[in-house]
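The values are calculated or read from the model by the stated rules, or taken from the named source; none is laboratory data. This structure is a prediction, so every number in the text was calculated from the model and none was measured. Note: ideal-geometry Cβ built from the backbone for every residue, glycine included; neighbour counts use all protein chains shown. Remember, those area values only see protein heavy atoms, side chains included, never the ligands or the DNA or RNA. Shrake-Rupley method; radii C 1.70, N 1.55, O 1.52, S 1.80 Å.
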Amino acid sequence: MSVSTLASNGYTTIFHPDNEGVTVHDKDSFKLTLQSPPVLQGCRNAAGLWTVPTTDEAAVSASLDIDEAAMNVYELPSTKEAVRFLHAALGFPTKATLLTAAKNGNLITFPGMTPENISKHFPESDETQKGHMRQSRQGVRSTKVPDEDAMLGVKPTPGVKHKDVYLRVFDATKKSMYTDQSGPFPIKSRRKHQYIMIAVELDGNYIDAEPLKTRKAKDLTEAYQQIYKRWKATGVVCPNWHVLDNEAPEEFKQAIRENNCRVELTPADMHRSAKQRKRQKSW
């Protein structure tokens, strides 16, 4: 007899300890009273199978006001795999960042993400390294040998310095903001979000984020409008210059222009500027 079939038809099956057997009850024929929390608790997935967590749930402090909690990690064979999965779900942060978050109590709703487990099972992933590389410009130092024939015998002479003064002009009216999107997270959220738009405002050194369902023009525009609305409501953050990916859709750029912001695109194959990259790594 299949327990799944009984459950699908509204019956409750109770397996008694030792040799006391098993009983099947109609849902309206009994009342279950618990004297203590269950030792294990799982759920039934779409395939009809019962799943239970393989790692102990971290206790949540009663003094913390938490409205949301991360879903439990099911069907993972070991703590090492649980740490690997949650590390990817958090955006592949560095080991130092993850340890700091765990020690400060920011990961108490993530099962198995203790400082001890992170130190022991932290995965050295390529995504972490690529996300923290600093892209340098090409052609800064030329390795070409000068063509003496083309110079017609003219040898360049080094200039003589005469108390030179160097100036750099800053545009005080330029209030810049940067936006970029993360790659897809391995699992969608309950609200079907799988990406994150990260926004950086330079003058106030402020970092904000908004979840995305897809990277299509409609979702990008709606996420940007939510961020801009929050910033404008403060009365302090009012950017007028927006730097974004050179592959941004036209609908997204038009929404930026309608907010009286000038659009600046990053160079090709350079999706993040140096200033934005440093702040996104600390997000």
Worksheet item: With labels modelled as points extended 7 Å from the Cα through the Cβ direction, what inter-label distance (nm, one decimal) is found for Arg168 paired with Thr143?
Response: 2.9 nm
Practice prompt. Could I have the simple spin-label model distance between Val160 and Ile187, label points 7 Å from Cα toward Cβ, reported in nm to one decimal?
Written response: 7.3 nm
Practice prompt. Express in Å², to the nearest 10, the accessible area of Arg257 obtained by rolling a 1.4 Å probe over the protein heavy atoms while all chains stay in place.
Written response: 110 Å²
Worksheet item: Of the heavy-atom accessible surface of the range 163-211 (probe 1.4 angstrom), what whole percent is carbon and sulfur?
Response: 52 percent
Discussion item. At 7 Å along Cα-to-Cβ for each site, give me the label-to-label distance between Glu250 and Thr13 in nm.
Written reply: 6.0 nm
Fill in: Solvent-accessible area per residue for the range 75-124 (1.4 angstrom probe, square angstrom)
53 Å²
Fill in: Ranking by accessible area, most exposed first, for Glu258, Glu210, Glu250 with a 1.4 Å probe
Glu258, Glu250, Glu210
Worksheet item: Once amide H atoms are built 1.01 Å from N in the peptide plane, which residues 5 or more positions from Asp203, or in another chain, come under 5 Å H to H?
Response: Ser176
Fill in: Cα-Cα over 31 Å, subset of Lys27/Lys188; Lys27/Lys80; Lys130/Lys216; Lys95/Lys188; Lys174/Lys218; Lys120/Lys188
Lys27/Lys188; Lys27/Lys80
